[in-house]
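Q: I have a structure I would like to understand better, so I am pasting it below and will then ask my questions one at a time.
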Ligand SMILES: O=C(O)CCC(=O)C(=O)O
Ligand SMILES: [Fe+2]
């Protein structure tokens, strides 16, 4: 069993589209692209991809099925720490494009529907800007707005790591059922501070799976908790098409985005917050297994305070106050912090619901 052919299918193929065939061979399998012996025999899998449908994303043009072919070859994964695996170039250019299309579609469609600001939020002047300054964060339940096949791709990537590193990853991956898709966008100046992914955002015993698109990034990581006192700090450069998985012993990996290498996006990758031209910046896509049972407020805009719903805030309030069940219901008052319940200065603006401390703690 192997995973070499990465295929993307669109929901609404029209006969016209079948005239376009693109090589789906991932970067690692191309000539000169690696050291493993299996790669010399990599098949030149070409697949139909509807380029005509690009630009029509968000409606019928949504990528509906993203797959790794289980009968292909094995991309060479490197275990950087027990349970922390890096697959360089495992996503073909076509699959990168398809995933980027998904990212752009879910983050802009939601904004259009007024349900969420997606990657953007309205600033004080009524203009839409990235929701986290030099970067933007968005997540939502996969079943809600992500296309068919998205969950399976995350699962397949996790299984790949379990197959290659069963001692560390077989158990956490066996139970992995991604429920949430998280999509971050970074400008060239975007960074993410050191943190471990909390259990509200991925179950303790399940892995995190992340795909990288666009500009390369320096991904910092520290030794897991037990060894952290030694201050061991390393980093790995993640290129477009790379995937990382961390779970098991590395589930609590402390990590950060230390740097984005501006202008290193593959030239053929198109789309992003800036519009349909070449992608400027970096996108990371993560699959996470967590749900209401973990206390997760699904939509990032609810968490950011851009949209408040009946079913999420009470859960957070109850948690922050030390439990006590579902608690309350209804919209939080702007005078009380939505995170800790403490007093907060309120101007009535959207996003005013968190006190500074809660806001900062989440921003990491
Ligand atoms: O974008 C990345 O590489 C890291 C994202 C991340 O750590 C997170 O969203 O928790
Ligand atoms: Fe993280």
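None of the figures in this text is laboratory data; all of them are computed from the coordinates on show. Please read these numbers as outputs of a predicted model, since none were measured by experiment. Backbone-built Cβ (ideal geometry, glycine too); neighbour counts: all protein chains shown.
Q: Return the residues of segment 267-297 that are away from ligand 2 (no atom under 16 Å from the Cβ), outside any loop (DSSP other than H, G, I, E, B) and either closer than 23 Å to residue 186 by Cα or out of contact with any helix residue (DSSP H, G or I) (no Cβ under 9 Å at 6 or more places or on another chain) (or both); say none if nothing qualifies. Give the steps one after another, and end with the answer.
A: Of segment 267-297, the ones away from ligand 2 (no atom under 16 Å from the Cβ) are 267-281, 291-293, 295, 297.
In the following step, the residues that additionally are outside any loop (DSSP other than H, G, I, E, B) were identified as 270, 278, 292-293.
Once the filter is applied, which keeps residues that are away from ligand 2 (no atom under 16 Å from the Cβ), outside any loop (DSSP other than H, G, I, E, B) and either closer than 23 Å to residue 186 by Cα or out of contact with any helix residue (DSSP H, G or I) (no Cβ under 9 Å at 6 or more places or on another chain) (or both), segment 267-297 yields 270, 278, 293.
Q: Within segment 178-195, how many residues are away from ligand 2 (no atom under 16 Å from the Cβ) and either buried (at least 21 other Cβ atoms within 10 Å of the Cβ) or within 15 Å of the chain's Cα centre (by Cα) (or both)? Walk me through it before giving the result.
A: Just the residues of segment 178-195 that are away from ligand 2 (no atom under 16 Å from the Cβ), to begin with: 179, 187-189.
Narrowing further to those that are either buried (at least 21 other Cβ atoms within 10 Å of the Cβ) or within 15 Å of the chain's Cα centre (by Cα) (or both): 179.
The total comes to 1.
Listed here are the residues, each with its yes/no results for (1) in a helix (DSSP H, G or I); (2) more than 12 Å from ligand 1 (Cβ to nearest atom); (3) in contact with a strand residue (DSSP E or B) (Cβ under 8 Å, 6 or more places away or on another chain).
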site: 160; (1), (2), (3): yes, yes, yes
site: 182; (1), (2), (3): no, no, yes
site: 190; (1), (2), (3): no, no, yes
site: 193; (1), (2), (3): no, no, yes
site: 202; (1), (2), (3): no, no, yes
site: 205; (1), (2), (3): no, yes, no
site: 211; (1), (2), (3): no, no, yes
site: 218; (1), (2), (3): no, no, yes
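Q: For residue 95, are the conditions met, namely being buried (at least 24 other Cβ atoms within 10 Å of the Cβ) and farther than 16 Å from residue 299 by Cα?
A: Details: buried (at least 24 other Cβ atoms within 10 Å of the Cβ): yes; farther than 16 Å from residue 299 by Cα: yes.
The answer is yes for residue 95.
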